[in-house]
Amino acid sequence: MHPFMAEYIGTALLTLMGTGVVANVLLKGTKGEGAGWMVVCTAWALGVFIGVVVAGPYSGAHLNPAVSLGLALAGQFEWSKVPGYVLMQFMGAMTGAALVWLMHKDHFDQTPDQGLKLAVFATNPAIRNYPTNVLCEVVGTFVLIFVLLYFTPAAIQDDQGTPVGLGSLGAIPVAFLVWGIGLSLGGTTGYAINPARDFGPRVAHWVLPIRGKGHSDWAYSWVPIVGPLLGAAIAALLFKYIQI
């Protein structure tokens, strides 16, 4: 699989599972309505695991522009590949979110609250205070990138160096990392920690014919882009400094 295609498919799977659990928990009449924050955080973490297992052997499974930026700044990824990776990540996130809407269309139609409909696609703060909101995204993404830079690759590989069999368990630490960030740091802004995860689905919300959807809250949309990128840059630069 081409690395760009792997990033597209992996991010689509991640977003399908992640926005899917939010739809299941928030929309009217689903089997999981009202299941709560633990369910949301757990499914997002498992979504990361699924995306990494599929994309990891072919692209390294960044699935997040902040990861691509952080690895490039740390000298562990080629800058020339960053634009292509980021484009595929955004497209994959849009695709995953659109599939969630198709699956849950009847439940979207039965849900009158415009805020809940938007929440399926995009993050929003519990308390809107832009400086604090950005700080929360910076800190959450810093933890994500800084810890990722200390991960070691899966040990079980084929002759070409591709993780096989139990080698895919190398994706588990990433899932636990995202799970922990969500449970500990995610309650303030919904822990985007991934510009593609927020912007791609937000665009999908904007363009899809969702009944009674309301606005897409573009006034907030810059926070889950700027915050994660800043957090990734700080983490990568600190990592490089420590290694000197």
- Of residues in segment 194-218 being touching a Phe, Trp or Tyr at 6+ places or on another chain (Cβ under 9 Å) and among the hydrophobic types (A, V, I, L, M, F, W, C), the one nearest to LEU71 (Cα to Cα): ALA196
- Query: Among the candidates THR42, THR11, THR19, which residue alone is among the polar types (S, T, N, Q), within 14 Å of the chain's Cα centre (by Cα) and surrounded by fewer than 24 Cβ atoms within 10 Å (Cβ to Cβ)?
  - Reply: THR42
- State whether the residues of segment 46-60 include one that is among the polar types (S, T, N, Q) and either in contact (Cβ under 8 Å) with a residue 60 or more places away in the chain or within 20 Å of PHE199 (Cα to Cα) (or both). no
- What helices (runs of 4 or more DSSP H) lie completely within segment 40-120 and have 1 or more residues being more than 27 Å from GLY180 (Cβ to Cβ) and not basic (Lys, Arg)? 82-103, 105-110
- Can you give me the number of residues within segment 215-225 that are closer than 21 Å to HIS107 by Cβ and either modelled with pLDDT under 95 or among the hydrophobic types (A, V, I, L, M, F, W, C) (or both)? 0
- Residues of segment 177-225 satisfying the condition of being touching a residue at least 40 places away in the same chain (Cβ under 8 Å), more than 16 Å from ALA43 (Cβ to Cβ) and among the hydrophobic types (A, V, I, L, M, F, W, C): LEU185, ALA196, PHE199, VAL203, ALA204, LEU208, ILE210, VAL223
- When only residues in segment 68-110 that are acidic (Asp, Glu) and loosely packed, with under 14 Cβ neighbours inside 10 Å count, which is nearest to the chain's Cα centre (by Cα)? GLU78
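A quick yes/no check of all residues on (1) crowded, with 20+ Cβ neighbours inside 10 Å; (2) touching a His at 6+ places or on another chain (Cβ under 9 Å):
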| position | (1), (2) |
| --- | --- |
| SER184 | no, no |
| GLY187 | no, no |
| PRO201 | yes, no |
| ALA204 | yes, no |
| VAL207 | no, no |
| LYS213 | no, yes |
| ALA219 | no, no |
| VAL226 | no, no |
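The values are calculated or read from the model by the stated rules, or taken from the named source; none is laboratory data. Worth saying up front: this structure is predicted, and the values here are computed from it rather than measured. Neighbour counts run over all protein chains shown; Cβ positions are idealised from the backbone, glycine included.
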